[in-house]
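Q: For reference, the structure I am asking about is given below.
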Amino acid sequence: MKHLTFSVLLLAVFTIVSCSKDDKDTTNPVITITSPVDGSTLEKGKSYPIIGTVTDDTELAEIDAGGLKITSFDDKKSYTFANINLPIPADTKETGGILKITAKDKAGNVATKTISFTIE
């Protein structure tokens, strides 16, 4: 009887272990920016809204939008940019710029989106 009980227990453990799937998250977040458009020309003295989304298949951890840290999201899997602007100072000497957005999920996967623009 002890052998039968041990065999059934061993079979149950083997079945549970062999049927469990690997839930390791290896997918990077997805960053979509629709404004400003990569390669666009931005005017001095104006401010431009950052429009876009960040999504993840499991759970976002942090977004860095040009130095602005974002840790509160629409829900755990998505963030829509709202009320975030890219100001271009009227007295800037720069002729071009880059907006870099980085998103990290809870598993440590990272995605980066870079938008380059000309300043006139």
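Q: With the structure loaded, tell me whether Ala82 is closer than 21 Å to Ser35 by Cα and not hydroxyl-bearing (Ser, Thr, Tyr) or whether it fails that test.
A: So Ala82 fits the description; yes.
Q: Could you tell me whether Ile101 is surrounded by 10 or more Cβ atoms within 10 Å (Cβ to Cβ), modelled with pLDDT of 95 or more, farther than 20 Å from Glu120 by Cα and touching a Lys or Arg at 6+ places or on another chain (Cβ under 6 Å)?
A: yes
Q: I would also like to ask the following. Given the criterion more than 12 Å from the chain's Cα centre (by Cα), of a type in the set (A, V, I, L, M, F, W, C), at pLDDT 95 or above and within 22 Å of Leu42 (Cβ to Cβ), identify the matching residue among Ala65, Ala90, Ala82.
A: After applying the criteria, what remains is Ala90.
Q: Does the range 43-54 contain any residue that is farther than 19 Å from Ile115 by Cα, basic (Lys, Arg) and touching a strand residue (DSSP E or B) at 6+ places or on another chain (Cβ under 8 Å)?
A: no
Q: While we're on this one: How many of the residues making up the range 38-70 are in contact (Cβ under 8 Å) with a residue 12 or more places away in the chain, in a loop (DSSP other than H, G, I, E, B) and exposed (fewer than 14 other Cβ atoms within 10 Å of the Cβ)?
A: Of the residues in the range 38-70, 6 are in contact (Cβ under 8 Å) with a residue 12 or more places away in the chain, in a loop (DSSP other than H, G, I, E, B) and exposed (fewer than 14 other Cβ atoms within 10 Å of the Cβ).
The values are calculated or read from the model by the stated rules, or taken from the named source; none is laboratory data. Note that this is a predicted model, so its numbers are computed, not measured. Virtual Cβ from ideal backbone geometry, glycine too; neighbours counted across all protein chains shown.
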